[in-house]
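Only the coordinates and a few stated rules stand behind these numbers; no lab work does. Quick caveat, the model's predicted, so the values are computed rather than measured. Every residue, glycine as well, gets a Cβ built from its backbone with ideal geometry; the counts of neighbours run over all protein chains shown.
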Amino acid sequence: MAEKDIIPYRPGLEGVTAGISKISDVIAAENRLIYRGYDVRDLAANCSFEEVAYLILLGKLPNRRELSEFESQLKAHRELPAEVYATLKALPKGGNLMAALQVGVATLGMLDPKADDNSHDANLNKAIRLTACMPTLVANAYRILQGQEPVAPRNELGHAENFLYVLFGREPEPLHARVMNLTFILYAEHGYNASTFTAHVIASTLADMYSAVVGAIGALRGPLHGGANEAAMEAILEIGSPERAESWVMEKLAQKARIMGFGHREYKTGDIRAVILKDWVRQLAEQTGRTDLYEIQNIMERVMLREKNLHPNVDFPAATVYYMMGIPIPLYTPIFAAARIVGWTAHVIEQHDDNRLIRPRSDYAGPRDLVFKPIDERE
Ligand SMILES: CC(C)(COP(=O)(O)OP(=O)(O)OC[C@H]1O[C@@H](n2cnc3c(N)ncnc32)[C@H](O)[C@@H]1OP(=O)(O)O)[C@@H](O)C(=O)NCCC(=O)NCCS
């Protein structure tokens, strides 16, 4: 490569274009997010997760017939194969749920005779099947790690509603199903974030979709990415009461600590997904009598804006809506995965459809001319 072609290093690859995509666009300057051309605000206000998954995976909004066929496909693949349950049951009880998801997805890949077929149609089939069963995997892997029996999914329920049914073993309240549907939509896709980029890198070696998803789950686990929703809830619970919120944030900032659920690499004037979700935090707080949590969040938001000019990201309100629905904290990042599976798999399809190995370079910063010494002469 000629010296003139070398692009200077940018830490964290900030501002670097790493691919061309038709799936979604983060228009940070306008605080907008679009999926396949549609504003996420319109999708969040009007659509089921199933409609949005169709849009992201197939590139257009479905008509009634197309949606109904797609819903039937999803329902047909909700249940996990017996081998996946057997594998999950062999895992250490109380183990990490994100790791269990990786095991579950890897097992699904081992069971798929077409795992290594990276053609568009085979990949689309895999994407639909993974989207269908990820909520079952999340809920039942959680149950199994807790020493409980898995619950069979129910086909007359919607996608988000069924997830809550499998998790709790009873039908959810309509408000909870509605908010879960909304968070699934808001978490479904977000451009070249760390986990999706991981999926691209893996897919670019022509490895299969399951391998790409296993890697993406690993990237999502970190607290600077998907893990932030769990860390944000731990912080809110540690604060405990609105009176303590301001001093807690000020103390953490004085210690140069990061407040999880705030800031974003792309959005610098606010994350539209957090704005959409905030109204539902208020509604759930009123329904459950946990207005203290809503107040704590409001105070944290005010202090972070005043002190650091930082806005909340989607993980901040998502944490409290899940908490107020009674969902245990270790499920928050796995739920993110159950929604983002749509984006990950859509990106794997895009990568495989027009592939070039992703292989950037690094600037070597170590010594070059050390004199070699045989082992017995070394100090
Ligand atoms: C998401 C995130 C990694 C993006 O960060 P980034 O674009 O790399 O920005 P930087 O890490 O360079 O941070 C820029 C400045 O803001 C500060 N900052 C960023 N996020 C912060 C946070 N959540 N709490 C406190 N300070 C924060 C940094 O300390 C830095 O301050 P400095 O310039 O005084 O050193 C970062 O905002 C963060 O760590 N957020 C918390 C984790 C989180 O919520 N992740 C979910 C993202 S959807």
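Find the percent of Cα-Cα distances in the stretch 115-206 that exceed 19 Å, and round it to a whole number. Percentage above 19 Å: 54. For the residues Ala18, Ala177, Ala203, a GNM of the chain with alpha-carbon springs under 10 Å puts the largest fluctuation on Ala18. Evaluating 6.51 cos²θ - 1.76 cosθ + 1.60 at θ = phi - 60° for every residue in the stretch 29-37, the Karplus couplings come out as 4, 9, 6, 10, 10, 10, 10, 6, x Hz, glycine and proline recorded as x. Taking amide H atoms as placed 1.01 Å from N in the peptide plane, the amide H of Phe262 lies under 5 Å from those of Asn313, each 5 or more residues away in sequence or on another chain. Footprinting exposure proxy ranking of Lys89, Lys373, fewest other C-beta atoms within 10 angstrom first, gives Lys373, Lys89. Derived scalar couplings between HN and Hα for the stretch 141-146 equal 5, 4, 4, 5, 5, 8 Hz in order, rounded to whole Hz, by the Karplus curve 6.51 cos²θ - 1.76 cosθ + 1.60 (θ = phi - 60°), x for Gly and Pro.
Annotation note: trypsin sites (Lys or Arg not before Pro) in the stretch 336-379 located in DSSP loop regions with a Cβ neighbour count of at most 14 within 10 Å are Arg356, Arg361, Arg368, Arg378. Under the combined filter of DSSP loop state and at most 11 neighbouring Cβ atoms within 10 Å, the stretch 297-379 retains these chymotrypsin sites (Phe, Trp or Tyr not before Pro): Tyr364, Phe372. With the charge dipole of the chain set up from +1 on Lys and Arg Cβ and -1 on Asp and Glu Cβ about the Cα centre, the Cα lying farthest toward the positive end among the listed residues Val314, Gly158, Ala76 is that of Val314.
Rounded to the nearest 20 debye, the dipole size of the stretch 228-324 about its Cα centre is 360 debye, using +1 on the Cβ of Lys and Arg and -1 on the Cβ of Asp and Glu.
A cut-off of 5 Å between modelled amide H atoms, ignoring neighbours fewer than 5 places along the same chain, links Ile27 with Arg32, Leu33, Ile34.
Our coupling estimate for the stretch 221-229, obtained by passing each phi through the Karplus curve with A = 6.51, B = -1.76, C = 1.60 and θ = phi - 60°, is 4, x, x, 7, 10, x, x, 5, 5 Hz, Gly and Pro reported as x. Segment Thr205..Leu124, full-extension length gain: 27.3 nm, with 0.36 nm per residue of separation and the alpha-carbon distance subtracted. With a Cα cut-off of under 18 Å and a minimum spacing of 8 residues unless on different chains, the lysine pairs in the stretch 228-324 number 4. Listed by chain and number, the lysines placed with their C-alpha closer than 22 angstrom to that of Lys126 are Lys22, Lys60, Lys75, Lys114; residues fewer than eight positions away on the same chain are left out. Rounded to the nearest 20 debye, the dipole magnitude of the chain is 200 debye, with +1 charges on Lys and Arg beta carbons, -1 on Asp and Glu beta carbons, and the Cα centre as origin.
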